Amino acid sequence: MDSESVRRDFPTVRKGSGIYLDSACQSLRPDSVIRAMDDYYESYPACGGRSVHSMASKVSVAVDEAREAFASFFGTDDPGCYAFMPNCTYALNTAAFGMGLKKGDVVVTTDCEHNSNHVPWLRLQEGVGIRRRMSRSRPDGSFDIESFKSFMDRSVKAVSVQHSSNVTGCVVPVRAVAEIAHDYGATVIVDGAQSAPHMPVDLKKADVDVYCMSVHKMLGPSGVGVMYGKREALERIKPLCLGGGTVGLATYDSVNLAPLPDRFEAGLQNYAGIVGAKAALDYLSKVGMREVEVWDSMLLERMMKGLEDIPNLHVVGPEDPGRRLGVFSFNIDGLNAHDIAMMADSMAGIMIRSGMHCAHPFYVSRGIDGSARASTYLYNDAKEVDVFVDTIRHIAEVFGDPASRP
Ligand SMILES: Cc1ncc(COP(=O)(O)O)c(C=O)c1O
C-alpha cells in the first residue's frame with residue numbers, strides 16, 4: 001500500500017490535525033467521500049424512489065449504484081439484500097426485534113458483545129421471555145468454539161455474534177459458527193461493525209444470514225449503516241419502523257409491505273450518506289482490503305512491540321498482536337483510562353478512546369473500570385505509531401504507579 005499517497009487523500013491528515021487513533025469509533029474520510037456528498041447537495045439534492053423528475057431519478061440511480069457497490073464489495077449477487085439504516089445498532093435491533101421470537105425461544109450470543117448486540121436481546125428476554133445463552137470466551141477474550149458448541153441445541157432459534165471485538169480485536173470464525181448454527185436450524189446474525197472496515201469479508205463464503213455494518217467506521221459518512229441479509233432471512237424479518245417508502249399498498253384497514261429492501265427504509269433516506277457510502281467502498285476497493293488488513297496488522301504489531309516491556313502497562317485481550325484486528329486496549333497502573341486519553345491528547349495531539357467502549361458486560365464481569373484504546377486504519381503510519389509509543393511510555397513512567405501486577 002502506498003501510505004504517502006493514501007495519507008494525502010485525507011483532509012485532516014493533510015492539515016496536521018493530530019494523530020487520529022480512534023478509528024474503531026469513527027474513521028476519517030477521504031476527499032472522494034466528501035466530494036460525493038457535496039456533489040449530491042450541490043447538484044441533485046432530491047429524494048429517491050418517489051418523484052419521477054430528473055433530479056429525483058438521478059438520486060434513485062445513485063442509490064441503486066450504491067447497493068450494487070455493496071453487493072460486489074461483499075462478494076454477493078443481489079443488491080436488493082442491502083438495506084440502508086442509520087447505523088449498525090439500528091440494523092442489529094431490526095434483526096433482533098424483527099425475527100418474531102416467542103417466549104422460550106433460545107438465542108445464543110457471546111460474553112464479549114458490544115451493547116448493540118447485547119441490550120436488544122436482553123430487552124427481548126424481559127419483554128417476550130426469550131432465553132439467552134452466552135458462549136464463554138477464553139480469559140483473553142478470544143472466542144471458544146467448544147464453549148459455543150456446548151450451548152447449541154434444537155431450541156436455539158438465533159445465534160448473534162460479533163465478527164470482531166472493538167475491545168480485544170479478537171475475530172470470531174463466523175463461517176464455522178454459521179455451519180454449526182445451521183445444523184440446528186438457527187438463524188445467524190453477525191455484528192460486522194469492526195470487521196467490515198479492517199478485513200476482506202466475503203458474505204457468500206461466510207454463509208451468515210444477516211450481517212450488520214457501520215459505514216462511518218469504513219471511511220463513509222456519519223450516520224450510515226447497512227443490514228445485509230440472505231433474501232429468505234430478510235423476508236422473515238419484520239421492519240422495526242414503518243411508513244412512507246415501506247409499503248406496497250395501504251388502505252384504511254390493511255397494508256402490504258414493499259419488496260426488499262425498501263420495506264426496511266422508512267421515510268426519506270440519508271441520500272448524501274448513501275452516495276458517500278459508495279464513494280467509501282470505491283476507495284477501499286481501490287486500495288484493496290487485503291492491503292488494508294496487512295497495513296493495520298503492521299501498525300498494531302509495531303505499537304504492541306513498542307510497549308511490551310513497560311511493567312505497569314497491561315493489555316486488555318490477547319498480548320499477541322497477530323490475534324487482534326486493529327485495536328489495542330490497555331491500562332496503566334494508577335491511572336484512569338480517561339486521564340491517559342487526555343494526557344496523550346494534550347501532550348502529543350494523539351486521539352484515542354477511553355472508557356468501557358459500549359462493551360460494559362465485558363469490563364464489569366472482569367472487574368475492570370474500562371481501558372484506553374488505540375485503533376489504527378489505513379491513513380495511520382509508522383511515524384505516528386512511534387509518537388504514540390513514546391508518549392504512552394512517558395505517561396506510564398512518569399505518571400503511572402509502579403507495576404502492581406507481575
Ligand atoms: C463491535 C461493535 N458493534 C456495534 C457497534 C455499533 O455501531 P454503530 O455506532 O454503527 O451503531 C460498534 C460501534 O463501536 C462496535 O464496535
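Any chance you could get the radius of gyration and Dmax over the Cα atoms of region 36-151, in Å?
Gyration radius and largest Cα-Cα distance of region 36-151: 20.0, 59 Å.
Starting from the Cα gyration tensor of region 20-91, multiply each eigenvalue by 5, take the square root, and state the resulting semi-axes largest first in whole Å. Present the calculation step by step, with values, prior to reporting the outcome.
Working: eigenvalues 113, 69, 28 Å².
For region 20-91, the semi-axes come out at 24, 19, 12 Å.
Count neighbours as other Cβ atoms within 10 Å of each site's Cβ, and list the GluC sites (Glu not before Pro) in region 245-320 that are DSSP loop with at most 14 such neighbours.
Numbers: sites: Glu265, Glu291, Glu293, Glu301, Glu308, Glu319; in loops: Glu265, Glu308, Glu319.
In loop regions of region 245-320 (DSSP not H, G, I, E or B), the sparsely surrounded GluC sites (Glu not before Pro) are Glu308, Glu319.
Using packing as a proxy for protection, rank 373-386, 95-108 so that the peptide with the highest average count of other Cβ atoms within 10 Å comes first.
Numbers: 373-386: 22.3, 95-108: 18.5.
Packing order, densest peptide first, comes out as 373-386, 95-108.
For Glu65 and Glu4, FRET efficiency with R0 = 30 Å and r from the beta-carbon atoms, rounded to 0.05? Each step should come with its number before you reach the end.
On the way: r = 30 Å, r/R0 = 1.01.
The calculated FRET efficiency here is 0.50.
Starting at the first residue of region 243-255, write each ³J(HN,Hα) from the Karplus equation 6.51 cos²θ - 1.76 cosθ + 1.60 with θ = phi - 60°, in whole Hz, x for Gly and Pro.
Once θ is set to phi - 60°, the couplings for region 243-255 become x, x, x, 9, 10, x, 9, 10, 10, 4, 10, 8, 8 Hz.
Would you calculate, for the chain, the mean residue ellipticity at 222 nm contributed by helices, counting each DSSP H stretch of 4 or more residues as -39,500 (n - 2.57) and dividing by all residues, to the nearest 500? Write out the running numbers ahead of the final one.
Values: 15 runs with 161 residues, N = 406.
For the chain, the value works out to -12000 deg cm²/dmol.
Please tell me which of these pairs span more than 19 angstrom C-alpha to C-alpha: Lys15/Lys383; Lys103/Lys238; Lys217/Lys278; Lys217/Lys238?
Numbers: Lys15/Lys383 16 Å; Lys103/Lys238 17 Å; Lys217/Lys278 14 Å; Lys217/Lys238 27 Å.
Long pairs (Cα-Cα over 19 Å): Lys217/Lys238.
For the chain, what proportion of DSSP beta bridges, expressed in % and rounded to the nearest 5, is antiparallel? It would help to have the intermediate numbers written out before the result.
Working: 24 of 43 bridges.
Here the share of antiparallel DSSP bridges comes out near 55 percent.
Based on the Kirkwood radius over alpha-carbon pairs, what value in µm²/s does the Stokes-Einstein equation return for the translational diffusion coefficient of the chain at 20 °C and 1.002 mPa s? Before the final figure, lay out the partial values.
On the way: Rh = 22.1 Å.
Rounded to a whole number, D works out at 97 µm²/s.
Note down the magnitude of the dipole of region 191-242 about its Cα centre, charges +1 on Lys and Arg C-beta and -1 on Asp and Glu C-beta and zero elsewhere, to the nearest 20 debye. Kindly include the intermediate steps, with their values, before the conclusion.
Numbers: 7 positive and 6 negative charges, 16 e Å.
Roughly 80 debye for region 191-242.
Please list the three semi-axes, largest first and in whole Å, of the ellipsoid equivalent to region 123-206, using sqrt of 5 times the eigenvalues of its alpha carbon gyration tensor. It would help to have the intermediate numbers written out before the result.
Values: eigenvalues 89, 47, 38 Å².
Equivalent ellipsoid of region 123-206: 21, 15, 14 Å, largest first.
Helix 54-73 sits at what angle to the longest principal axis of the chain, using alpha carbons and giving 0 to 90 degrees rounded to 10?
With rounding to tens, the tilt is 60 degrees.
For Lys205, list the lysines whose Cα falls under 19 Å from its own Cα; do not include residues on the same chain fewer than 8 positions away.
Lys230
Under 5 Å between amide hydrogens, which residues at least 5 positions from Gly225 or on another chain qualify, with H placed 1.01 Å from N in the peptide plane?
Met85, Asn87, Val215
Using only alpha carbon pairs under 8 Å that are at least six residues apart, calculate the relative contact order of the chain and give it in whole percent.
Details: 841 pairs, mean separation 89.4, N = 406.
Value for the chain: 22 percent.
What is the extension gain from Asp207 to Asp369, computed as 0.36 nm multiplied by their sequence separation minus the C-alpha to C-alpha distance, in nm to one decimal?
Numbers: separation 162, 0.36 × 162 = 58.32 nm, distance 3.67 nm.
Between Asp207 and Asp369, full extension yields 54.7 nm more.
Hey, can you rank 79-91, 356-368, 216-228 by average C-beta count inside 10 Å, highest first?
On the way: 79-91: 22.7, 356-368: 16.5, 216-228: 24.4.
In descending order of packing, they fall as 216-228, 79-91, 356-368.
So, in nm, how far is label Met55 from label Val128 when the simple model puts each one 7 Å beyond its Cα toward the Cβ?
According to this spin-label approximation, the distance is 4.2 nm.
Where a number appears in this text, it was derived from the coordinates with a stated rule and is not lab data. Remember, it's a predicted structure, so these values are computed and weren't measured experimentally. Cβ sites come from the backbone with ideal geometry, for glycine too, and all protein chains shown count toward neighbours.
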